[in-house]
Amino acid sequence: MIVSEAYLRIPTALSPGEKRELGAVMLRIAENAGREFFTRYEVRLIGEAVIEDGSSKLWVRIRTSAIVLLGLAGSYGTARSGIEYIWKDGKVAAEWMADQLERSLPDHPEDRRRRAPAAARLLRLFERVEAGEISAADATKRAEEILREYREDADTITAVVAQLRHEFASIQANKPIRPNQTARTSLGRPPTPIRTGNRLSVFRDPRTGQIRFVEE
């Protein structure tokens, strides 16, 4: 799952060589941020950089396995508390990554965003259950969909969803769910795909440790 993400857009169209050079810089920024801001997480962190053509769109990301939620639940009492820590750390890391990336760009960014996507989406499910907008069962279903979207493996999804199901079920809603409301609101808005043009993904091969460039 993506625990931290910085997004910047610049008006400049980059050449293939410029994209690769910038992508390698972005990957180093992500890896440095993972070491700097996620020291308490006893799971492997993965840096990733994505550059999309057009007015160049740039993503610097830090990913990790959702299994981290079980470890944080053991440390902080609940997975929800762990998710809140991930959200805070992810936002701070994203701000730092955006600052570092901006210094390496040929133009001033037209748009700049800092996010902790996975944590924000999971926390929203807890808030919706509390508000009586969705049931614990619907929140569990949506959490599983989010983890599948992030391509977590089956064993991780099973273990994490079991913990989240338990915590969703323990929530006392502030107001009862209205009849037929669940069907309208349980899934929310579908995620917006980020790919609209040619894209370069940059990451480190876990087997060789070498930087890989994948164009789509």
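Please treat every number below as a calculation from the coordinates, not as lab data. What you see is a predicted model; the values in this text were computed from it and never measured. In this analysis, Cβ positions are derived from the backbone assuming ideal geometry, glycine residues included, and neighbour counts consider all displayed protein chains.
A few comments on the model shown:
- Whole-Hz couplings from phi, Karplus 6.51/-1.76/1.60, listed for the stretch 134-150; x for Gly and Pro: 9, 7, 4, 5, 5, 5, 4, 4, 5, 4, 4, 5, 4, 5, 5, 4, 7
- Listed values for the stretch 199-212 are Karplus-derived 3J(HN,Hα) couplings in whole Hz (6.51 cos²θ - 1.76 cosθ + 1.60, θ = phi - 60°), namely 9, 10, 9, 10, 7, 9, 5, x, 7, 9, x, 8, 6, 10, and x replaces Gly and Pro.
- Projecting label points 7 angstrom from Cα along Cα→Cβ for residue 76 and residue 107 puts them 3.9 nm apart.
- Counting only residues at least eight positions apart within a chain, or on another chain, the lysines with an alpha carbon under 21 Å from that of residue 175 are 141.
- Rounded tilt (10° steps) of 154-169 against the dominant C-alpha axis of the chain: 50
- Relative contact order, percent, the chain [alpha-carbon distance under 8 Å, six or more residues apart]: 27
- For the stretch 32-45, 3J(HN,Hα) computed residue by residue from phi via the Karplus equation (6.51, -1.76, 1.60; θ = phi - 60°) reads 5, 5, x, 6, 7, 10, 10, 5, 7, 8, 8, 9, 6, 9 Hz, glycine and proline entered as x.
- Additional length obtainable on full extension of the chain from residue 211 to residue 40, 0.36 nm per residue less Cα span: 59.0 nm
- Estimated 222 nm signal from helices in the chain, with DSSP H stretches of n ≥ 4 weighted -39500 (n - 2.57), rounded to 500: -15500 deg cm²/dmol
- What the Cβ-Cβ distance of residue 169 and residue 32 gives, at R0 = 45 Å and to the nearest 0.05, is a FRET efficiency of 0.70.
- For residue 198, nonlocal amide neighbours, meaning residues 5 or more places apart or on other chains whose placed amide H falls under 5 Å from its own, are 53.
- Cβ-derived FRET efficiency at R0 30 Å, residue 124 paired with residue 9, nearest 0.05: 0.75
- Angle between the chain longest axis and helix 117-130 axis [Cα atoms, degrees, rounded to 10]: 20
- Taking amide H atoms as placed 1.01 Å from N in the peptide plane, the amide H of residue 65 lies under 5 Å from those of 44, each 5 or more residues away in sequence or on another chain.
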